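The values are calculated or read from the model by the stated rules, or taken from the named source; none is laboratory data. Model, not experiment: these values are computed from the prediction. Cβ coordinates were reconstructed from backbone atoms using ideal geometry, including for glycine residues, and neighbour counts include every protein chain displayed. The area values use the complete protein model at the heavy-atom level, side chains included, leaving out ligands, DNA and RNA. Shrake-Rupley method; radii C 1.70, N 1.55, O 1.52, S 1.80 Å.
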Amino acid sequence: NEINEVPFFDIQLPYELALKIFQYLGKTELGRCAQVSRTWKVLAEDEVLWYRLCQQEGYLLDTSISDCSCWKLALRNCRARERTLKTNWKNRIGSVSQLQYELGKILCDVHSCDGVVIAGYTSGEVRLWDTRTWDYTAPILEPMHGPGDAGPQPHVSFVRINSALAVAAYEDGTISVWNLMFGREPIHHYQHNQRIQALALGSEGATVATASGFEVKVESPNDRGFWQTTETFEIQKLVNFLNLVPDVTGSPVTVAAAEDIVYLLKAEDPGKILHSVYGQPVTCLDVSAHEAAFGVKTFGWLLNEPNQILLYNLETSQCLKKMGNSIGDFTCVNLQSSPPNMLVAGNKDRRVRVFDLRKSESLCSLYAHQLGVSAVQMDDWKIVSGGEEGLVCVWDQRMGTKLWEMHARHPVRHVWFNSHSLITANIPDEKTPRGIMDDDLTAHRKHRGIIYAYEFSADQLAVESVLPICRSSYDEVTGYNYNIGLAVPYDNI
């Protein structure tokens with residue numbers, strides 16, 4: 001624009017100085033200022049102001065000011081999209097797809113990262129789906145073949161994935177690592193002598209930790225890209241839970257829970273015990289960049305200490321908070337992906353609890369599941385929980401009310417969501433059901449477990465947008481369809 005000076009009532013200010021004043025205003029104030037005069041309207045709609053507002057509200061963070069011609073319109077569109085997404089979540093408006101693999105036999109473990117899902121099966125196969133593209137012709141990640149591997153593959157015990165790597169641990173103690181950019185062949189493979197109890201993969205970077213027997217092994221590539229064993233830790237008990245601390249510079253830091261001891265495993269201090277109380281086993285564990293949260297179970301002779309969630313600072317190794325006062329054991333806890341200063345935990349007493357880490361009492365307690373809570377995640381307004389009975393529930397956190405639920409046959413072992421999509425996995429406890437023949441696909445559908453991918457963004461929705469109670473139609477010729485429910489197929493004849 002050609003304006004050099006802006007009239008501020010009885011004085012004239014340079015444009016840059018007037019812009020400096022206007023940057024302290026919000027959207028509403030800028031809109032009012034734009035109605036004062038033509039000069040103020042030019043100033044109040046300056047691209048620098050609206051670009052800064054867009055960044056402050058968390059939209060389009062990876063863009064520069066030259067990427068958009070009208071940042072006011074961009075902010076309006078982003079806010080409208082967010083409102084639409086929230087409405088779709090609340091009203092169950094979306095599409096749902098099953099990620100299923102007939103030949104994989106029984107589902108063993110599922111993990112996901114940014115919409116990419118990895119699943120391991122009793123057939124020994126590892127499968128990938130990228131739900132961001134909705135292209136469900138999923139590749140199978142090939143195992144490392146040795147000279148005598150003609151027989152059946154061992155079951156998959158654990159799978160993990162991040163933005164760059166996929167990792168699978170097998171029943172015979174082998175671990176395969178794949179690079180998601182380089183195709184289906186493993187880039188690294190190593191072996192433990194015993195069965196693997198736990199597997200951890202860093203949320204970023206290329207670090208894998210595994211626990212087998214009384215040993216925790218950490219593997220990562222060196223500067224030249226060759227994988228090697230970075231650390232090996234000997235501990236006193238069998239590991240139940242294993243996590244890598246995210247965002248660590250230098251050598252990786254691992255948190256391992258072994259029965260009633262929680263270890264902080266660093267290269268410079270290999271056997272450091274973070275927490276240990278005899279007779280109080282750890283029941284769940286999650287780790288953020290600076291803190292570790294875990295549930296401890298107490299027994300009848302310790303009546304003054306109920307089951308609790310303990311929060312430890314990883315830098316000072318001090319216990320910051322003791323939260324919860326529950327009769328049941330805490331079965332799952334989510335600290336890493338919760339909002340700042342918040343934590344959500346599920347319990348065997350069927351309740352989901354949200355804690356504010358600045359206080360010790362719970363903000364809300366939701367009576368969620370009939371057989372105990374098995375998986376949970378929250379953001380700033382909603383909670384998604386999964387139960388042992390197979391129910392996935394979506395809650396409005398502030399209202400404390402259930403928005404909707406979906407049911408499948410097996411316990412929910414994995415829940416992951418972002419702003420527009422949700423992935424859940426129902427994984428059976430029984431991996432070798434009796435009397436099931438390999439070619440009996442109808443019986444397998446009952447027992448194999450299932451992965452669901454939900455999509456709530458408006459530009460991805462199908463024609464029929466309400467999540468279907470069933471998806472059956474008269475086109476299907478199979479003898480029995482487990483999707484049969486209340487939807488009426490003659491609507492689309």
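Would you mind putting 198-204, 6-12, 91-97 in packing order, based on average other-beta-carbon counts within 10 Å, highest first? Display every interim value, and only then the final one.
Working: 198-204: 21.3, 6-12: 11.0, 91-97: 17.3.
Averaged packing, sorted descending, gives the order 198-204, 91-97, 6-12.
Legend: translational diffusion of the range 49-101 by Stokes-Einstein, Rh = Kirkwood radius over C-alpha pairs, 4 °C, 1.567 mPa s; D = 100 µm²/s.
Solvent-accessible area of the range 284-417 (1.4 angstrom probe, protein heavy atoms only): carbon and sulfur portion equals 49 percent. Take the range 153-276 with all the other protein chains still there, run a 1.4 Å probe, and you get 43 Å² of accessible area per residue.
Note on the range 207-272: Kirkwood hydrodynamic radius from all Cα pairs is 12.1 Å, rounded to one decimal. Computed extension gain for residue 429 through residue 114, at 0.36 nm per residue and net of the alpha carbon distance, reaches 110.8 nm.
For the range 335-405, the average shadow cast by the Cα convex hull is 4.2 nm², which is a quarter of the hull's surface. When peptides 23-29, 120-126, 80-86 are sorted by average Cβ neighbour count within 10 Å, with the highest value leading, the order is 120-126, 80-86, 23-29.
Out of every Cα-Cα pair in the range 284-417, what percent are more than 22 Å apart? More than 22 Å apart: 32 percent of the Cα pairs in the range 284-417.
Under the 0.36 nm per residue contour assumption, what length would be gained going from the current alpha-carbon distance of residue 195 and residue 48 to full extension?
47.1 nm
For the range 25-126, the Cβ-based charge dipole about the Cα centre amounts to some 760 debye (Lys, Arg positive; Asp, Glu negative; other atoms uncharged). Taking label points 7 Å from Cα along the Cα-to-Cβ direction, residue 83 and residue 276 give a separation of 5.8 nm. Per atom type, the range 15-87 shows carbon and sulfur on 53% of its accessible surface, probed at 1.4 Å. What fraction of the Cα pairs in the range 15-87, stated in percent, has a spacing above 21 angstrom? Above the 21 Å cut-off, the range 15-87 has 27 percent of its Cα pairs.
The percentage of C-alpha pairs in the range 6-132 whose separation is greater than 23 Å is 57%. Working value for the range 256-316: equivalent-ellipsoid semi-axes of 22, 13, 9 Å, each the square root of 5 times a Cα gyration tensor eigenvalue, largest first.
Treating each Cα of the range 190-300 as one equal point scatterer and applying the Debye formula with no solvent, the log10 of I(q)/I(0) at q = 0.19, 0.23 Å⁻¹ comes out as -0.95, -1.35.
All distinct Cα pairs of the range 323-365 go into the 1/r average, and the inverse of that average, the Kirkwood radius, is 10.4 Å.
Round to the nearest 0.05 the FRET efficiency obtained for residue 24 and residue 228 when R0 = 56 Å and r is the Cβ-Cβ distance.
Working: r = 53 Å, r/R0 = 0.95.
Result of the calculation: an efficiency of 0.55.
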